[in-house]
Amino acid sequence: MGTSVQVKPLCGVYNENPLSYLVSIDGFNFLIDCGWNDHFDTSILEPLSRVASTVDAVLLSHPDTLHLGALPYAMKQLGLCAPVFATEPVYRLGLLTMYDHYLSRKQVSEFDLFTLDDIDSAFQNITRLTYSQNYYMSGKGEGIVVAPHAAGHLLGGTVWKITKDGEDVIYAVDFNHRKERLLNGTVLESFVRPAVLITDAYNALLGNQPPRRQKDQQFLDVMLKTLRADGKILLPVDTAGRVLEVLLILEQYWEQNHLTYPIFYLTYVASSTIDYVKSFLEWMSDSIAKSFEHTRDNAFLLKHVTLLINKSELDKVPDGPKIVLASMGSLEAGFSHDIFVEWAADTKNVVLFSERGQFGTLARMLQSDPPPKAVKVTMSKRIPLVGEELAAYEEEQNRKRKEEALKATLVKEEESKASVGAEIAAVDAMVIDAGIRQPSLNATGKQHGAFRDVLIDGFVPPSSSAGPMFPFYDNTSEWDDFGEVINPEDYMIKDEDMDQASMQVDGDLNGKLDEGSAGLMLDTTPSKVVSSEQTVYVKCSLIYMDFEGRSDGSSIKKIFSHVSPLKLVLVHGSAEATEHLKQHCLKNVCPHVYAPHLEESIDVTSDLCAYKVQLSEKLMSNVLFKKLGDYEIAWIDGEVGKTESGTLSLLPLSTPAPPHKTVLVGDIKMADFKQFLASKGIQVEFASGALRCGEYVTLRKVGDSSQKGGGNIQHIILEGPLSEEYYKIREHLYSQFYSL
């Protein structure tokens, strides 16, 4: 049997809810993504609460709430305590995203689902990996290897590859095959015939998208038209996700066209976000990396975008046309909510949505067709306590402090008594002797008291005294010819000390957290939240333009056909999109397509009959390996037997090995081979999809159409008359492979 694989959705199937899935590989439980919505609805986490304690490892794919928003709450309340793995940008930007959400909620409600300490605690133990870095699980997960690969969509976004016994399980959701300003496309197409592919149907019904340049120009045209009409533009955005692509578009266009309309990026962690993004150039597109190499200009040294962390700073800006990118994208809370309420009544203004709002949010309501003419919103703000409320609050706090102080005093006294008794019983031999009651002593113990008085005659022992004399420790040092012998361990920083130091630094975001945000976090002024219902008449323009950075439906289908997994699991998408993609994949991709329902566990164990066979030392001693890139390969002739312990073992043949045909190992790119032949002085050119070599010889690649899902096996055909030229080119062709 192949590697045992079970998939159990905990959230995000047949709908657009947050993503969270339990994937078990030979009994080792991976929680892949731990998302939450902007409503922070605890009811959708009930399936997770039932399995949180059984999770062995957590893999995070993107730095937004839909993929990691529930992590602090799950670790605090649901018993999740497994190690977490993510890329560096997902870790850093995810942390900032959670800070921004907490601060936004705390300003308008008595938010208590998690605290900033809970966020720090959840993120401080994340193991950060780079793209293509293999991490070998230990203990229960022995033999399992996980590796992140580029997904596109968001900075640091990940396609997870989980390997066990040579079989790959690929988790790829919210990927983008297109190259953008910020990111290269996904590498999902580089995986061929994985055992299991877990992916989403979110965009399965989305038609072909226009070219990037055309889409960007339409986006900019709408903005310029509004600004020139003296209007204001609000873009409700996420904290540190797709907003980065939009910032690059605006920055580059403003620079090229010398525009002066002000642009503001407003979140509680705006400055920290850009500071970190500046250091993530190696995670960005090739064009950004090359530009930095040549000019040393960082793409995120923003000259035309002003970073704000407080709405009061925006209010000080003179009235006039402007662009504001403000969190949250859902309009449920945050700066975008308040700005929308202020600007909605002006017909000159535009609210420009760059991605679909989460289901059930104000943003999704405004994106409906036709949009509403009026919406009811709740306006909330936090105000300091004054007068009788402040006095009552301070009185309550004083009462709590007194109770805590009293409890602490009682605990300290108990600990003091316990420690005194222990020290008297163990520190000084004289006190021990004095404290032993002899059988001849009377019940009053007068002799014992007299004995003690003799030992401390002239002194009055304090209540905490542990003995009649000061303790003395004889610290003898060893010496050699060079002086006192030192212990190197006394001067080494222990791992736990390093962890504590990193906790302190990371908890403060390396000291780079915005001063205003840090002030909000440390603000202990007594306050309360005041709320009121308000009807907002929507007279401004509402425009949606797709800048989500996800592959469209036709591209998804082509990619799946190319990857051609043995088994396909569809998650996250509307019921209509999921069923549509399922039927397409059953006909064109593979015969085993699954679309499980919530908490439905499906078995997608590979049908391959795989066995573990030990290579015997006697066989390996006669094997000659050849180097092939990072690997060593060899041809082995052997027969399967059993060792004394009963395990299968490959043993040398008892009879002479039969001859075998030469096997050519490797791959060749026609463009590279063309350059190679040209360097050997052979005239070569492409013609009708083939490589014409010299005067009579033609080289072509032909796919095997019998392979379902789009020819993964290709044959190289060399055509031409037998001649000196033919054999010369064939020899050059063989030199590109390793022969066994």
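The values are calculated or read from the model by the stated rules, or taken from the named source; none is laboratory data. Being a predicted model, the structure only gives us computed values, none of them experimental. Here the Cβ positions follow ideal geometry from the backbone for every residue, glycine too, while neighbour counts run over all protein chains shown. Side chains are part of the model used for accessible areas, which takes the heavy atoms of the whole protein and leaves out ligands, DNA and RNA. Shrake-Rupley method; radii C 1.70, N 1.55, O 1.52, S 1.80 Å.
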Against the condition assigned to a helix (DSSP H, G or I) and either under 27 Å from the mean Cα position of the chain (by Cα) or closer than 26 Å to ALA151 by Cα (or both), how does VAL222 come out, does it pass? no
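Among the residues in region 63-80, are any charged (D, E, K, R), closer than 19 Å to PHE123 by Cα and open to solvent by 10 Å² or more (accessible area, probe 1.4 Å)? Break it down into steps so the answer makes sense when it comes.
Keep residues of region 63-80 that are charged (D, E, K, R), which gives 64, 76.
Then keep just the ones that are closer than 19 Å to PHE123 by Cα; that gives 64, 76.
Checking which are open to solvent by 10 Å² or more (accessible area, probe 1.4 Å) leaves us with 64, 76.
For region 63-80, residues charged (D, E, K, R), closer than 19 Å to PHE123 by Cα and open to solvent by 10 Å² or more (accessible area, probe 1.4 Å): present.
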Being surrounded by 13 or more Cβ atoms within 10 Å (Cβ to Cβ) and either under 20 Å from GLU533 (Cβ atoms) or of a type in the set (Phe, Trp, Tyr) (or both) is the filter; apply it to region 345-363 and report the residue that is farthest from the chain's Cα centre (by Cα). LEU362
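Given the criterion in contact with a Pro (Cβ under 7 Å, 6 or more places away or on another chain), surrounded by 12 or more Cβ atoms within 10 Å (Cβ to Cβ), modelled with pLDDT under 95 and not acidic (Asp, Glu), identify the matching residue among LEU615, LEU619.
When all the criteria are applied, what remains is LEU619.
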If you take the residues in region 17-49 that are open to solvent by 50 Å² or more (accessible area, probe 1.4 Å) and either of a type in the set (Asp, Glu) or without any contact (Cβ under 8 Å) to a residue 24 or more places away in the chain (or both), which one is nearest to GLY141 (Cα to Cα)? ASP26
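I'd like the residue in region 690-700 that is open to solvent by 70 Å² or more (accessible area, probe 1.4 Å) and part of a strand (DSSP E or B) and, out of all such residues, is farthest from LYS669 (Cα to Cα).
Just the residues of region 690-700 that are open to solvent by 70 Å² or more (accessible area, probe 1.4 Å), to begin with: 692, 695-696, 700.
Narrowing the set further to residues that are part of a strand (DSSP E or B) leaves 692, 700.
Working: ARG692: 15, ARG700: 11 Å.
Ranking the candidates gives ARG692 first.
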Pairs under 9 Å by beta carbon, first residue in contact (Cβ under 8 Å) with a residue 40 or more places away in the chain and on the phi < 0 side of the Ramachandran plot in region 101-116, partner of a type in the set (D, E, K, R) and open to solvent by less than 30 Å² (accessible area, probe 1.4 Å), six or more apart or different chains? HIS101/ASP38
Where residues in region 263-288 are touching a strand residue (DSSP E or B) at 6+ places or on another chain (Cβ under 7 Å) and open to solvent by 10 Å² or more (accessible area, probe 1.4 Å), which of them is nearest to TYR131 (Cα to Cα)? SER271
Members of region 312-348 found to be in contact with a Phe, Trp or Tyr (Cβ under 6 Å, 6 or more places away or on another chain) and of a type in the set (Val, Ile, Thr), listed by number: VAL324
Filter region 81-108 for residues that are more than 17 Å from the chain's Cα centre (by Cα) and part of a loop (DSSP other than H, G, I, E, B); which is farthest from PHE123 (Cα to Cα)? VAL108
For ASN203, the lone unmet condition from (1) open to solvent by 10 Å² or more (accessible area, probe 1.4 Å); (2) at pLDDT below 95 is (1)
Tally of residues being more than 22 Å from GLY94 (Cβ to Cβ) and either open to solvent by 50 Å² or more (accessible area, probe 1.4 Å) or in contact with a strand residue (DSSP E or B) (Cβ under 7 Å, 6 or more places away or on another chain) (or both) across region 138-169: 14
Test GLU423 against the stated conditions and say whether it is of a type in the set (Asp, Glu), surrounded by 10 or more Cβ atoms within 10 Å (Cβ to Cβ) and at pLDDT 70 or above. no
Looking only at residues in region 665-689 that are in a strand (DSSP E or B) and in contact with a strand residue (DSSP E or B) (Cβ under 6 Å, 6 or more places away or on another chain), which one is nearest to GLN736 (Cα to Cα)? VAL665
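Quick one: in region 531-558, which of the residues that are assigned to a loop (DSSP other than H, G, I, E, B) and farther than 16 Å from LEU235 by Cβ is most open to solvent (accessible area, probe 1.4 Å)?
LYS539
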